[in-house]
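The values are calculated or read from the model by the stated rules, or taken from the named source; none is laboratory data. Small disclaimer: the values here were computed from a predicted structure and weren't measured. Using ideal geometry, Cβ is built from the backbone for each residue, glycine included, and neighbour counts are taken over all protein chains shown. Ligands, DNA and RNA are stripped out before the accessible areas are found, and what is left, the full protein with its side chains, is counted by its heavy atoms. Shrake-Rupley method; radii C 1.70, N 1.55, O 1.52, S 1.80 Å.
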Amino acid sequence: MILGLSTHTFTALHVLISLVGIGSGLVVLVGLLGGKINAFWTGLFLATTVLTSLTGFAFPNVHVTPGIAIGILSLVVLAIAMAALYLFHLAGGWRRAYVISACIALYFNVFVLVAQLFKHVPFLTALDPTQSGPPFLIAQVLTMAIFVWLTVVAAKRFKGTSV
């Protein structure tokens, strides 16, 4: 049991929240690339991405895992994104800080998604069962490269105002 839910139910809830965060984050990223911001999708992305990290901390662990480290880093960049957006209203350098931190938070979720795919999808597990070989490394480096490129483009294009 985790927070009064069976482990299976809690895991399913965590995965659902994560997938909603990734999906809404991709919508937000497309908006940023187009120079726009949408209050609904942005709020959904930020809330579900925070919840992804918080629910991830509830899983029983005896030591700090890579997932916990990513969760902590994600909450730091999400705090920057939310401050830039809701406290500083994207004024001056806060506009770029928002774009970069939101993109990093989305990347962290996608990074974990790739790791989970290699762990749970039989074809990918067979390619690299330890998640330490070339297939996993190539997938993660490509994911990072794509996100770096998208973040740079979004930071240059987004000139929007606060939600």
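Structure above, values below:
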| quantity | calculated |
| --- | --- |
| Members of the stretch 126-144 found to be of a type in the set (Val, Ile, Thr) and at pLDDT below 95, listed by number | THR130 |
| The lone exception for VAL62 - which of (1) open to solvent by 20 Å² or more (accessible area, probe 1.4 Å); (2) at pLDDT 95 or above; (3) of a type in the set (A, V, I, L, M, F, W, C) it fails | (2) |
| Qualifying residue in the stretch 65-80 (condition: surrounded by fewer than 21 Cβ atoms within 10 Å (Cβ to Cβ), at pLDDT below 95, over 15 Å from VAL20 (Cβ atoms) and hydroxyl-bearing (Ser, Thr, Tyr)) | yes |
| When residues of the stretch 145-161 are limited to those that are loosely packed, with under 14 Cβ neighbours inside 10 Å and out of contact with any Gly (no Cβ under 7 Å at 6 or more places or on another chain), the one modelled with the lowest pLDDT | THR161 |
| Residue count, the stretch 81-113 (criterion: outside any helix (DSSP H, G or I), surrounded by fewer than 21 Cβ atoms within 10 Å (Cβ to Cβ) and not small (Gly, Ala, Ser)) | 2 |
| Hits in the stretch 120-144 - residues which are surrounded by 13 or more Cβ atoms within 10 Å (Cβ to Cβ) and in a helix (DSSP H, G or I) | LEU124, THR125, LEU127, PRO135, PHE136, ALA139, GLN140, THR143, MET144 |
| Tabulated pairs, the stretch 6-28, first open to solvent by 60 Å² or more (accessible area, probe 1.4 Å), second modelled with pLDDT of 90 or more, C-beta under 8 angstrom, 6+ apart or interchain | LEU13/THR55; LEU26/LEU106; VAL27/ASN38; VAL27/TRP41; VAL27/PHE45 |
| Options THR49, THR55: the member that is at pLDDT 95 or above, hydroxyl-bearing (Ser, Thr, Tyr) and assigned to a helix (DSSP H, G or I) | THR49 |
